[in-house]
Amino acid sequence: MFSLIILDCLMKLRKERTISAIYHLLTGKRSSQTLQDAHMYQLTGYFGLIKSLQRKEFNKCMERMVKNGLISIDNDGVGFPTKKGEDYLITNNQSNILEEFKGMEYEKFAELFSLRLLLLIQTITNKKAESTGFIALTDDKQAQLWVKQLYRKYRHELDQLVTGIYHDLHAFLSKLTDQQASLFVERLTGYEKIGLSKLQLANKYKMNILDIEVWLVYIYHKILTESIHEKDKYPYLTLALEGIMDQTFVTNSATVTYNMLQNGFTIDAIARSRRLKLNTIEDHIVEIAYMDPYFTIGNFVGEAEQKEMLKAIELLQTNRLKLIKTKLNDKFSYFQIRLVLAKHRLEDKGSM
Amino acid sequence: MNKTLEYYLEKYTGHNEFRTGQKEIITDVLEGKSCLGILPTGSGKSLCYQLPARVLNGLVVVVSPLISLMIDQVKQLKAEGFREAVALNSFLDYTEKQQVYHNLDQYKLVYVSPEMLQNPYFLQRLRKQSISLFVVDEAHCISQWGHEFRPDYLKLDTVIQDIGNPPVLALSATATPDVQKDIIKQLNCEQMVKHIHPMDRDNIAFVVKTVESDKYKLDYIAALLHSYQVPTMIYFSSRKWTEQAAEILRTHVPNLRIAFYHGGMEQTDRILIQQQFMNDQLDVICCTSAFGMGINKKNVRLVVHYHLPTQVESFIQEVGRAGRDGEASVNLLLSNENDQLLPKQLIETELPTHGQITMLMDYLRHLVESKELTIDESLVSTQFQFNETQWRFLKYQLEVHGMIKEDRLVQISSSDRKAIVNDIHLLVDKRKKLKLAKLTDLINWIHDKGCRRERLFLPFQEQVRPAKFQCCDHCGFSFEEWNPTITNKRITSDNWEDMLQSLFFQGEHHEKQTS
């Protein structure tokens, strides 16, 4: 599976990028280059699939693919599939399985969703067995808090919750191949059943550990897609989506600003009618640009101007607002620069 | 009073009986007496302060040298519903630490690393609390003659005084009579009540098997595991070896469930593997000494040493993980003429070399001369390639010799500097010699012709109990006569639907259990 992803990336990159670009894409690097690449070459689905991927491991994998005659890499580090590689990709991607990866789309919540689900299953199966002493399989505070709250709500209907999650999972897993379903279930931890580590899965299913990684991500992305689009079919799995989907903006106030913008208000008008400072509204807009991938900033910064700024940012190799502003001879306001950074998912390092 | 103690035990842990030694220590502790408790590995030392922490008013402070162990313990306590416990160590970031400092009064049990107790601000906060008990875990670390000397431990007596002389409980699993005396002396606690329990384990047989070279060791283990499919731990001295051995054994004994464990694994995987072994989902663990601390699996039947530890004390601790349920268990040590090589290398890396020391001193002089009085510890460590143990040792020496005061460098004369370098060189040599002598003790034990049980435990106690089952290879041990209880393997299906059903208590075969 991992090689399929690599092959697909190389096909789409059309020899225009080095293999490093794929590494940055898979690890979800927040640089303008990587984000632009992802959009330009239709590779957003693979963005941040394996955040923990080590460069060494990635290189080893590339070498293996070269050795197996699936890809070639030239002296400049530009990779491309061989004929054998192309055939391999076509035969193995007949059901368009690769299109089900939604890396960038689910970036913000895929991990939290999976942690919630795993911890919920561990908790309710242990509670059902009246076992109190179990060690939580994740330290993630957000996930723990959510499970605690949900459990409190369902404490008196525990059986219903256990059965509900079971039926939802069963219905979902039935749509997968037996092997995919097995991988998912073996990874679960419950009462007196501790899940397997990724390495153990790799050994048991005779797969490369990177393949295990991407299969697990694949399954979680698929659960997300199913439960987002068919909420009625998975009433219990959908519980784990609570709050992470509509948490588009951090602040409620930004949501109000967002709605007003959609209705054609200008920044000044919003500030006046809400009796807020101009700065505050600008903060909201930056937040919105960051959270909503479909938000256009064209009203505040033109296309050409955006390009000019991105070029300067690339040249300076910095996201520091002050430096960028000076470099551009104070032609743009801090607001405009922050907006461009946000839109292109670059971290704002402050004006110092 | 006694009735109450058992009541609390039942209430907080669900057990209805104390294990050997626990009740006496807890009784003394609750009466405000200071105690020295020497209890064998796996006898539940931590209960001796965890139970008092719940019962007593005020805060119980536990000094522990092992950060991973304290984190595991706090997790375990929280899982058992004891939420007023916290681990304070260098892994927490600034805000997290501040949060604990400011809410100290809301905790009943705080684990701290010895370094934390040197933080003036933390000490100031501690002074405002009423401390009901000060616990020194792994108390042998305080002794230069102990096997895991930690310089930071030598400062504990001042800390105890500083926070108002609360009762002290010093605990260790492996302390010779000399080390015991040293603990009492260093803690400045002559009035300590001693609770010394023998550390010999009468249900463990000791076997040394000499093989021609390392490559036969795994063959031997594989053959043994073929006949005895029992919960097994195999100790190695390097992380890489645990991984390789697990893989090789897996191909040799495919019907056994084998995994490796070491400190370099990511947190989630470590928890999963540990829990699987506890839960009898794994048969064999290939591990480094990082495994086993703080976990309490009762039915380990076989402990194998593929590599030697560096001293008898560690060996005894590792052996002690076998047969905690009292049933017939075996320790097997695989030996050949190269036994000493790896432990010797380890000892070498525990202390800085003369060259490193000289270079560091030159560098420090340079700093002082250019009026740069603070040391960037991580920079120094990378520049002179010190590992954690080496740097801790050196920093302490610099403090002792007055070159560092309150984390700032102090100007000294060049003749003083020369004398100090010389002193530290001598000390390093002395400690190395001591460590090598400890290794030699272990090597001698291997080659000794006498009863292994006696020779191993006599340095620690006056008498060694006779073996409950077989004794050792010098007293006629044979594997043929070893009939360990076999833990029934759970029969699990590989079919995902079955697995899912049983996980969620669905389907027919679970109706009975849940209704």
task: Using only atoms on other chains, find how many Cβ atoms lie within 10 Å of each Cβ of peptide B:271-277 and report the average.
output: 6
- prompt: So what is the relative contact order for the stretch A:110-241, in percent, with contacts set as C-alpha pairs under 8 Å and at least six apart?
  reply: 31
task: Assuming R0 = 51 Å, can you tell me the calculated FRET efficiency for the pair B:Ile446 and A:Glu130, based on Cβ-Cβ distance, to the nearest 0.05?
output: 0.55
field: Shielding by partners - mean other protein chain Cβ count within 10 Å, residues of A:131-141
entry: 4
task: First compute the accessible area of chain B with a 1.4 Å probe, then give the percent of it belonging to carbon and sulfur atoms.
output: 49
- request: Sort out for me the Cα centre separation of the stretch B:342-381 from the stretch B:189-262, rounded to whole Å.
  value: 37
message: Taking 0.36 nm per residue of sequence separation and subtracting the Cα-Cα distance, how much length would be gained by fully extending the chain between B:Glu327 and B:Leu458, in nm to one decimal?
response: 44.9 nm
- prompt: How far is it, in nm, from the label point at B:His252 to the one at A:Lys233 when both lie 7 Å from their Cα along the line to the Cβ?
  reply: 5.0
task: Express the carbon and sulfur contribution to the solvent-accessible surface of the stretch A:252-343 as a percent, rounded to the nearest whole number, probe 1.4 angstrom.
output: 50
- line: Projecting the Cα atoms of B:Val428, B:Gln397, B:Gln411 onto the charge dipole of the stretch B:352-438, where Lys and Arg contribute +1 and Asp and Glu -1 at Cβ, the residue farthest towards the positive end is B:Val428
task: Quick one: dipole size for the stretch B:2-196, taken about the Cα centre, charges +1 on Lys/Arg Cβ and -1 on Asp/Glu Cβ, in debye to the nearest 20.
output: 340
field: Alpha-carbon centroids, the stretch B:266-307 and the stretch B:1-77: separation in whole Å
entry: 24
- prompt: Of A:Tyr218, A:Gln122, A:Leu201, whose Cα points farthest to the positive end of the dipole of the stretch A:110-241 (charges on the beta-carbon: +1 Lys, Arg; -1 Asp, Glu; origin at the Cα centre)?
  reply: A:Gln122
field: Accessible-area value, B:Arg465, 1.4 Å probe, nucleic acids and ligands omitted, Å²
entry: 110
message: Can you give me the distance in nm between label points at B:Gln161 and B:Glu480, each placed 7 Å from the Cα along the Cα-to-Cβ direction?
response: 6.6
query: Which value in deg cm²/dmol, rounded to the nearest 500, describes the helix-derived mean residue ellipticity at 222 nm for chain A, given -39,500 (n - 2.57) per DSSP H run of n ≥ 4 and division by the residue count?
result: -18000 deg cm²/dmol
message: What figure, in Å² to the nearest 10, do you get for the accessible area of A:Thr296 with a 1.4 Å probe and non-protein molecules left out?
response: 100
For A:255-268, mean number of other protein chain Cβ atoms within 10 Å: 0
task: State the antiparallel share, in %, of DSSP beta bridges confined to the protein assembly as shown, rounding to the nearest 5.
output: 15
task: Can you list which of the GluC sites (Glu not before Pro) found in the stretch A:79-147 are DSSP loop residues with at most 11 other C-beta atoms within 10 Å?
output: A:Glu130
task: Run the numbers on chain B and let me know its relative contact order in percent, using alpha-carbon pairs under 8 Å that are six or more apart.
output: 15
- prompt: For B:Ile285, what is the net charge nearby, where nearby means another residue's Cβ is under 11 Å from its Cβ and Lys, Arg count +1, Asp, Glu -1?
  reply: +2
message: Is the C-alpha gyration tensor of the stretch B:124-182 telling us rounded, prolate or oblate? Criteria: a/c under 1.5 is rounded; beyond that, a/b larger than b/c is prolate, otherwise oblate.
response: prolate
- prompt: Please state the relative contact order of chain A as a whole percent: Cα pairs under 8 Å, 6+ residues apart?
  reply: 15
task: Using just the helices of chain B, give the 222 nm mean residue ellipticity in deg cm²/dmol: DSSP H runs with n ≥ 4 each add -39,500 (n - 2.57), and the total is spread over all residues, rounded to 500.
output: -13000 deg cm²/dmol
statement: The answer for the net charge of residues other than B:Ser314 whose Cβ lies under 14 angstrom from its Cβ, with Lys and Arg +1 and Asp and Glu -1, is -3
Simple Cβ-charge dipole of the protein assembly as shown, Lys/Arg +1 and Asp/Glu -1, about Cα centre, in debye nearest 20: 1020
- line: Along the dipole axis of chain B (charges at Cβ: +1 for Lys and Arg, -1 for Asp and Glu; origin at the Cα centre), the most positive-end residue among B:Pro459, B:Ser314, B:Asn387 is B:Pro459
task: At a Cα cut-off below 16 Å, give the lysines reachable from B:Lys209, other chains included and same-chain residues fewer than 8 away excluded.
output: B:Lys217, B:Lys449
query: Nearest-5 percent of antiparallel DSSP beta bridges in chain B?
result: 5
- request: First measure r as the distance between the Cβ atoms of A:Asp76 and B:Glu266, then evaluate 1/(1 + (r/R0)^6) with R0 = 41 Å and state the FRET efficiency to the nearest 0.05.
  value: 0.75
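The values are calculated or read from the model by the stated rules, or taken from the named source; none is laboratory data. Note that the structure is a prediction, hence the values are computed from the model and not measured. Glycine gets a Cβ as well: all are built from the backbone with ideal geometry, and neighbour counts include every protein chain shown. All accessible areas refer to the heavy atoms of the entire protein, side chains included, with ligands and DNA or RNA removed. Shrake-Rupley method; radii C 1.70, N 1.55, O 1.52, S 1.80 Å.
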